[in-house]
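One structure below.
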Amino acid sequence: MHDVSQRQSAWAQIRAIVRSELEQRRGAPRDDMLSGIANGQIDGDLVSLDVATNLASTVFLGGLDTLPSNIGWTLRYLAEHPEDRRRIVEDPSCIPGAVEEFFRRFPSVTMNPCRATRDVEFHGASIKAGDAVMSVIFLANCDSQMFDDPLTLDFDRKSNKHLSFAAGSHRCLGSHLARHELAVGLQEWHAAIPDYRVADRDKLTYYHGVAGIHHLSLEWDV
């Protein structure tokens, strides 16, 4: 119960901060996403501050664990694959393709629970309407029928229709922001720290739910 009350208190504080920022941007908009949300309109009418707060808070929450998780996996991979790291350093134009591959191979959300809406036979399994179904996004992203050499990260992959952001009506609304943030992160990190390595593989620890690296020690020469 204590953990629940702490989470509720933290969420209320986050919403209060977001609402204050939105109020400021209604009077003095800037060239940023919060200003777009604060001054957004539906059918010509300004959205209510409550709606704007819900939207902006959801954007904040959506990237709280998922993108940091992907950044961790990405830096670990690059720390252990110097050829790919050097390519990013020497040819930043490859970063967009690299971003898609990192999202494909290291999805933060590895499974997606859903419920069958009708009876269906799927590869010999009988699924009834109402049955809970767990789709494993990681396995879909490594399907050899969809991706050539799926376990290899290929920055030049021509077709990369991965499911890391889900699909259809449940597609992640923050997918474009996540792509942009990872691309900027890769460019800025490698401009400052082009050569690095994992300090101690034995100390790598992980967490579940959102699949991430809890502890990743990197080291580099100054």
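The table that follows gives values for the structure above.
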{"read-out": "Residues of segment 42-100: accessible area per residue with a 1.4 Å probe, Å²", "value": "51"}
{"read-out": "Table column - 3J(HN,Hα) (Hz), segment 182-197, Karplus curve with 6.51, -1.76, 1.60, x for Gly and Pro", "value": "5, 4, 5, x, 4, 5, 6, 4, 6, 5, 8, 10, x, 10, 8, 8"}
{"read-out": "Contour minus Cα-Cα distance for residue 121 and residue 9 (0.36 nm per residue)", "value": "35.8 nm"}
{"read-out": "Cα→Cβ-extended label distance, 7 Å offset, between residue 50 and residue 177, nm", "value": "2.2"}
{"read-out": "Segment residue 83-residue 184, length gained on full extension (0.36 nm per residue, minus Cα span)", "value": "34.4 nm"}
{"read-out": "Inter-label distance for residue 159 and residue 112, nm, one decimal - labels placed 7 Å from Cα along Cα-to-Cβ", "value": "1.9"}
{"read-out": "Distant-in-sequence amide H partners of residue 133 (H built 1.01 Å from N, under 5 Å)", "value": "114, 115, 116"}
{"read-out": "Cβ-Cβ FRET estimate between residue 201 and residue 65, R0 fixed at 25 Å, reported to 0.05", "value": "0.60"}
{"read-out": "Cα→Cβ-extended label distance, 7 Å offset, between residue 131 and residue 33, nm", "value": "3.8"}
{"read-out": "Burial order of peptide ranges 188-200, 95-107 (average beta-carbon count within 10 Å, highest first)", "value": "95-107, 188-200"}
{"read-out": "Karplus (6.51, -1.76, 1.60) ³J(HN,Hα), θ = phi - 60°, over segment 8-24, in Hz, Gly and Pro reported as x", "value": "4, 5, 5, 5, 5, 5, 4, 4, 5, 5, 4, 4, 4, 5, 5, 4, 5"}
{"read-out": "With every protein chain in place, the chain: carbon and sulfur % of accessible area (1.4 Å)", "value": "56"}
{"read-out": "Mean separation of Cα contacts under 8 Å, 6 or more apart, over the residue count of the chain: relative contact order %", "value": "20"}
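The values are calculated or read from the model by the stated rules, or taken from the named source; none is laboratory data. Keep in mind it's a predicted model, so treat the numbers as computed, not measured. FYI the Cβ positions are ideal-geometry reconstructions off the backbone, even for glycines, and counts take in every protein chain you see. Surface areas here come from the heavy atoms of the whole protein model, side chains and all, with no ligands, DNA or RNA. Shrake-Rupley method; radii C 1.70, N 1.55, O 1.52, S 1.80 Å.
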